[in-house]
Each structure stands twice: as C-alpha cells, then as structure tokens.
Amino acid sequence: MLELLYQLLTDWGLLFRPYIRDIALAMVATCLVVFGDDINRFIRRQISSLHFIWRTGIFILVCAFGYGAITIFLTPVVAGLLVRLTNIELPWVCLAIFIALGMLAQRKRQV
C-alpha cells in the first residue's frame, strides 16, 4: 500500500516536470499582480516631486519595461529552484506557493 502511494505521488510530480517554466512564470506574474500596487506606491512617493512629464515617463518605463524585465529575469531563477525539488515535493511546493499567494491577495483585498 505504501509503495502504491509513493508511486502515485511520484507520478503526480512527473506530470509537473514539463511545465516547470510555465509554473514559474505564473508564480512571478502572480507576485507582480499581488505586490504591484505596493511597488507603484513606492515609486510614486519617490518621484512625486518631479515634473508631470518626468513622472509620466518614469512610470511608463517602470510599468512597461521594469515589470517585463522582472518577469524575464526572475522566471528562470524560480524555475531553477523548482527543478531542484524531487517529484514528490514539486506538486506540494507549487500548491503551497499558490495558496500562500492567494492568501496574500485575499489579505490585500485583491480577491
């Protein structure tokens, strides 16, 4: 019975392996959605004394290129961390991360 359970958990983890990069991208994107307001608020405070044109330009750069760069650079890092997990750990860690992000979103009243 224990071997069957172990085999089922291992097989479940194998289903996740081909999609690790996609899972990592979803995690990074979800983090940006959950924490985007905080990032924007911080930037807004830093540039509030600048002229309207400068503030607008900086905000466009941060939103268009900054978030894109964060996504491009962090996705392989997260995927590299997920690859190191065993087949039994991988689905549980992914599930736990998405549950934690969902709870954060709920706490920040985004859900």
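Read the figures in this text as sums done on the coordinates, not as results from a lab. Computed from a predicted model, the values in this text were never measured in an experiment. With ideal geometry, Cβ positions are generated from the backbone for all residues, glycine too; neighbour counts draw on all protein chains shown.
Summary table
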read-out	value
Only listed residue being among the aliphatic types (A, V, I, L, M) and closer than 25 Å to Leu14 by Cβ, chosen from Ala79, Ala69, Ala64, Ala105	Ala79
Sole residue being touching a residue at least 12 places away in the same chain (Cβ under 8 Å) and under 15 Å from Thr30 (Cα atoms), chosen from Leu90, Leu95, Leu74	Leu74
Test result for Leu74, within 30 Å of Tyr6 (Cβ to Cβ) and surrounded by 13 or more Cβ atoms within 10 Å (Cβ to Cβ)	no
Of all residues in segment 35-50 being exposed (fewer than 15 other Cβ atoms within 10 Å of the Cβ), of a type outside the set (Ser, Thr, Tyr) and over 29 Å from Trp92 (Cα atoms), the one that is farthest from the chain's Cα centre (by Cα)	Leu50
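This table checks each residue for (1) within 20 Å of the chain's Cα centre (by Cα); (2) touching a residue at least 60 places away in the same chain (Cβ under 8 Å).
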| residue | (1), (2) |
| --- | --- |
| Glu3 | no, no |
| Leu9 | no, yes |
| Ala24 | yes, no |
| Val33 | yes, yes |
| Phe52 | no, no |
| Gly57 | no, no |
| Ala64 | yes, no |
| Ala79 | yes, no |
